[in-house]
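Participant: Okay, here's the structure, questions in a sec.
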Amino acid sequence: MSAPGDATDVVGRLDDTEGRGRLSWQERLSGPDRYAALLILIVVAIVALVVLDQHEWERVTSVGLVGVMLVFALRTSQAPVAWQWVAVAAVPVIVVATAVAASSGEGPTIRAAVAATVTLLLIAVQVAIVRRLSTHLTISWDTIMGALCVYLLFSMIFAGLYSVVGHLENGRLFAQQNEFTSTDALYFSLTTLTTVGFGDLSMRADVTRIAAAMEGLLGQIYLITAVALLVGNLGQRRRAGPARSRKPSRRSGET
């Protein structure tokens with residue numbers, strides 16, 4: 001059973017044509033490690049969550065764009081087949097649930113469930129990207145783009161966590177206001193991750209205050225360690241691990 005949009009055939013064509021030049025743009029996007037394209041999709045999804053936040057139908061559209069990004073991310077990271085199928089099945093459910101929340105009296109409960117589901121999928125995507133990057137023998141621009149994707153996904157994951165708490169608390173997420181929007185949560189997450197911290201919004205509950213502090217710390221550590229290390233070693237080939245380097249080779253005539 002193959003994954004949705006399995007890239008095995010495309011990889012084979014890359015080998016046959018000795019490069020990407022002869023492939024169409026659709027075939028290039030369907031291959032593995034398309035992290036520059038994924039980075040653009042993540043930025044588009046973030047912008048959509050901010051811009052399309054005035055009306056309910058706009059939120060449905062922005063959630064749909066996030067779903068497209070999730071599926072593409074898992075596919076280009078060569079995630080396990082089961083993960084990809086779960087995402088493909090979950091995205092339509094999330095979109096429908098968002099639409100139902102717009103016309104239902106149980107809006108906060110449904111929105112909390114949607115935010116929790118999206119957050120779990122974002123975490124799965126982040127894990128899939130890290131797993132894929134760990135297989136890169138040479139640090140390339142694709143590796144760096146993937147690392148930047150992981151960084152931006154941190155902001156979306158924490159924004160999702162804040163949204164879950166906010167919906168469960170009937171909108172009382174920030175101390176300065178009694179209602180919040182996805183724009184508020186994402187804005188707070190981005191300014192916290194980058195340690196800009198304008199101070200116009202602050203968390204109301206203890207658990208979200210601690211989470212915000214951890215997000216700021218995580219954002220700084222990730223930039224000055226993982227990303228800086230990758231950029232400093234661009235083009236370098238990773239050394240084989242001890243187990244790989246000590247593995248004996250079998251030659252003809254050996255017993």
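Participant: Check whether at least one residue in the stretch 216-233 is in contact with a strand residue (DSSP E or B) (Cβ under 7 Å, 6 or more places away or on another chain), part of a helix (DSSP H, G or I) and farther than 30 Å from Ala102 by Cβ, and report yes or no.
Facilitator: No, because not a single residue in the stretch 216-233 is in contact with a strand residue (DSSP E or B) (Cβ under 7 Å, 6 or more places away or on another chain), part of a helix (DSSP H, G or I) and farther than 30 Å from Ala102 by Cβ.
Participant: Please identify the pairs in which a residue from the stretch 146-158 that is modelled with pLDDT of 95 or more has its Cβ atom under 6 Å from the Cβ atom of a residue that is charged (D, E, K, R), counting only partners at least 6 apart or on another chain.
Facilitator: As it stands, the answer is Phe158/Glu215, since those pairs meet every condition given.
Participant: While we're on this one: State yes or no: is Tyr151 among the hydroxyl-bearing types (Ser, Thr, Tyr) and crowded, with 21+ Cβ neighbours inside 10 Å?
Facilitator: No, not satisfied.
Participant: While we're on this one: What do you reckon, is Ala240 in a loop (DSSP other than H, G, I, E, B) and either surrounded by 11 or more Cβ atoms within 10 Å (Cβ to Cβ) or at pLDDT 75 or above (or both)?
Facilitator: Considered against the rule, which asks whether it is in a loop (DSSP other than H, G, I, E, B) and either surrounded by 11 or more Cβ atoms within 10 Å (Cβ to Cβ) or at pLDDT 75 or above (or both), Ala240 comes out as yes.
Participant: Also, I was wondering about something else. How about the stretch 68-90: which of its residues are under 14 Å from the mean Cα position of the chain (by Cα) and over 23 Å from Ala147 (Cβ atoms)?
Facilitator: The answer is none; no residue qualifies.
The values are calculated or read from the model by the stated rules, or taken from the named source; none is laboratory data. Since the model is a prediction, treat every value here as computed from it, not as a measurement. Cβ: placed from backbone, ideal geometry, glycine included. Neighbour counts: every protein chain shown.
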